[in-house]
Amino acid sequence: MSLTLLLLALIPIFAFAIADAMAGLRTGVIVAIALSLGVFVAHWILLGKFDPISLIEPVFFVILGLISLHLNNGIWFKFQPVVVNVLSALLLAGFQIWSVPFLVRWAPAMDKLMSPEQQGFLVSPPILEKLSLISHILIYVLLLHAVWVGWAALKKSTWTWTAVRLAGYPLLLGAVLVCMLV
């Protein structure tokens, strides 16, 4: 199921790049906004409930897409992942500094969603220690990716920007895997 949700999240990004190349910025932004809203509805249908996290991307697609259309400048739209990554990094940093690390704080709630045989795994001390490390490392990974995507948005083609943006997924996954192995 989560692979399906990940693949759905990629559709608006590819659609933007294709539509932008074939029909221009206006069409690319409109297609991406429409598809991101469609992906949000698909998440809702697949998960059977409203997931506020899945609303972040379409909200920024709409806001920055409308700004791009109004100013006739695709940079604003391309900065959507920069904004989302920086805000996510700030959220993680806030929890890290002033509270319990974000993933540690949410581990009990996530643990309850696991099957009865697996419950207790996410709240075990060794896993909570790993989740604390992951929360910390993700701050830097998100900021690094935000800078990289911002650079690509300003200096590179739409296709290069798309590749850099998509590189964030394996970058995040790799950081999590490294933290789990340490």
- Item | Extreme residue, farthest from L8 (Cα to Cα), among residues of segment 148-165 that are touching a residue at least 60 places away in the same chain (Cβ under 8 Å) and surrounded by fewer than 16 Cβ atoms within 10 Å (Cβ to Cβ) | L154
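Given L55, L71, which one is surrounded by 13 or more Cβ atoms within 10 Å (Cβ to Cβ) and out of contact with any strand residue (DSSP E or B) (no Cβ under 8 Å at 6 or more places or on another chain)?
Values: L71 fails: surrounded by 13 or more Cβ atoms within 10 Å (Cβ to Cβ).
Exactly one of L55, L71 is surrounded by 13 or more Cβ atoms within 10 Å (Cβ to Cβ) and out of contact with any strand residue (DSSP E or B) (no Cβ under 8 Å at 6 or more places or on another chain), namely L55.
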- Message: Just the residues that are of a type in the set (D, E, K, R) and either at pLDDT below 95 or part of a helix (DSSP H, G or I) (or both), please, taken from segment 132-182.
- Response: K155, R165
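Name the residues in segment 1-50 that are closer than 26 Å to H70 by Cβ and within 16 Å of the chain's Cα centre (by Cα), would you? Outline the logic, then answer.
So in segment 1-50, the residues closer than 26 Å to H70 by Cβ come out as 9, 11-41.
Matches in segment 1-50: A9, I11, P12, I13, F14, A32, I33, L35, S36, L37, V39, F40.
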- Evaluate segment 78-93: report whether one residue or more is more than 15 Å from the chain's Cα centre (by Cα) and surrounded by fewer than 17 Cβ atoms within 10 Å (Cβ to Cβ). no
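The values are calculated or read from the model by the stated rules, or taken from the named source; none is laboratory data. All values reported here derive from a predicted model rather than from experimental measurement. Positions of Cβ are backbone-derived with ideal geometry, glycine not excepted, and every protein chain shown enters the neighbour counts.
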